1. Beyond a 26 Å Cα-Cα separation, which of these cross-linked pairs lie in this structure: K209/K443; K309/K452; K37/K309?
2. Subtracting the Cα-Cα distance from 0.36 nm times the residue separation, let me have the gained length for F284 to T189 in nm, one decimal.
3. Could you tell me which of rounded, prolate or oblate describes the range 145-276, using a ≥ b ≥ c as the square roots of the eigenvalues of the alpha-carbon gyration tensor, with rounded for a/c under 1.5 and, failing that, prolate when a/b is larger than b/c and oblate otherwise?
4. Under a straight-distance cross-link criterion of Cα-Cα below 16 Å, which aspartates and glutamates are reachable from K368, leaving out those fewer than 8 residues away in the same chain?
5. Quick check on the range 170-228: of the DSSP beta bridges with both residues there, what percent are antiparallel, nearest 5%?
6. Given a Förster distance of 22 Å, report the FRET efficiency between T349 and T40 from their Cβ-Cβ distance, rounded to the nearest 0.05.
7. Can you give the longest stretch of the chain with no exposed loop site, where a site means GluC sites (Glu not before Pro) in a DSSP loop (not H, G, I, E or B) with at most 10 other C-beta atoms within 10 Å?
8. Ignoring ligands, DNA and RNA, what percent of the accessible area of the chain is carbon or sulfur (1.4 Å)?
Amino acid sequence: MTTFNRYAGIDQGTTSSRVLVLNENGDFEIAHVCDHKQITPNKGWVEHDPEELIANLVECIEKAGDIDAIGIDNQGETVVAWDSKTGKAVYNAIVWQDSRTQDTIEKLKAAGHEDYVKSTCGLPLDPYFSASKLSWIIQNVPEAQKLLDEGRLMLGTSDAFFLYRLCGVYATDYNTASRTSLLNLKTLTWDEKLCEIFNIPLEALPPIKDTVGIFGYYTSKKGNKIPVTASIVDQFAGLYGHGCRAPGDAKITFGTGAFLQSLTGYEPPVCDDSGLLPMLAWKFPGQKPIFGLDGGVYNAASAINWVKKMGLFSDFKEISSYKDDHAFKKDVYFIPALSGLACPYWNRTAAALWAGMTLDTTRDDMIKACLEGVAFRANTVLQAMNKVSTQKFTLSVDGGMSVNPYFIQFLADLCQSDVSVPSCPELTALGSALLARAGLGVKGDITLGSDKTIYKHRTVEGLEEAKEHHAMLIKRAAGLVTTVEK
């Protein structure tokens, strides 16, 4: 009887790749981390070098030591196009943050396609999702068109490229496919009309597989064949790593952006005009897919890093605790729309906004307003979820900003919900490792450390009025109103 013991979870994120190794005793550690370059050739363009990403993944796997299975999470909406014969990408990976296809999206809206897109794949028309990026490559990279004519072009989200290069397998999973704007949520197949709308050749897209199972085998430098048994989007690996399994479970990851996901059940939730996204969280072999709700905020830690770059503080420890009052009590607010507004507005033209500053405004007021602004935006998404679903969400929070007590306490007060912050900062990689274990068919749960900090919500005077004012300021940033009165 084969005994499995060590599982590698690789978190291939926006700025780095890292590998966590988990064993059956519940022990885990980060074995290696590789950063990669951010390529920004034009305003609004964000790219990664596919060869650098593959080299970093290989380095992570080799540094993991002897392992029984590999789970890989990916950036979600980031895309790659490559030659099926050579495996070489024809262009840099276009990252989820990239907004170069905004004009294309506006033309699709003007042509009246948004209703069909939303009703079929559940996603609004936005450059954030993969389809318009893939179309851009076909239209603008001559080699892509040449390979398409020759039947050698492969199109996919980054996970498909990773699986092809690491295992020689062309595939994606249902979760990642659901982020492309090309998957029909009812049939769980690529939709022909969606492909026509975005001008994507369906025959160039990868087959769709369950989230866990044997995708293929990576051959290590020692000659060992290691199965890749899980592939999923990073945010959903994090959802699994948080221990979210039942309807009503939810988490927020405060990374580059803030991403809130909750589980709802076995059918796609009806989101109507809430601005939320119905999501396919994962699908296990022989089981129905698990669905939920998804809401994103484009700028979270990226907004804090921007404030740091502006010179308002030099060390993150400086902004972890404040003894004086909140910024909103001085009528100082910040709308962190530095890359536009995601859920529920989906407005890329929105711009960041400071409001209420006077000669008495201090540096600390501005920093606190930025921290509070990220929390206000997260609460906007949570409020939308509460309107769509009758379930009471229990919040678990991770990401770089989760170690900031001022921010998390304000979030708890704002949401009027206790907030749990697990002690493990690597829940995304942990989720990938746990899914890799499940992909091997190992039964039963691993007992993991359960240390966490619970932030109890409090009643803060004036906070309800501040929510209303902040909501109006968001509409001002989005151009929905021209004036805002206090």
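1. Beyond 26 Å: K309/K452.
2. Stretched fully, the F284-T189 segment lengthens by 32.6 nm.
3. Oblate, since a/c reaches 1.5 and b/c is not below a/b.
4. Partners found: D315, E318, D324, D325, D331, D360, D413.
5. 75
6. 0.70
7. For GluC sites (Glu not before Pro) (loop position, at most 10 other Cβ atoms within 10 Å), the longest site-free span of the chain is 1-460.
8. 49
The values are calculated or read from the model by the stated rules, or taken from the named source; none is laboratory data. Computed from a predicted model, the values in this text were never measured in an experiment. Methodologically, a virtual Cβ is constructed for each residue, glycine included, from the backbone with ideal geometry; neighbour enumeration extends over all protein chains shown. Areas reflect the complete protein model, heavy atoms only, side chains present, ligands, DNA and RNA absent. Shrake-Rupley method; radii C 1.70, N 1.55, O 1.52, S 1.80 Å.
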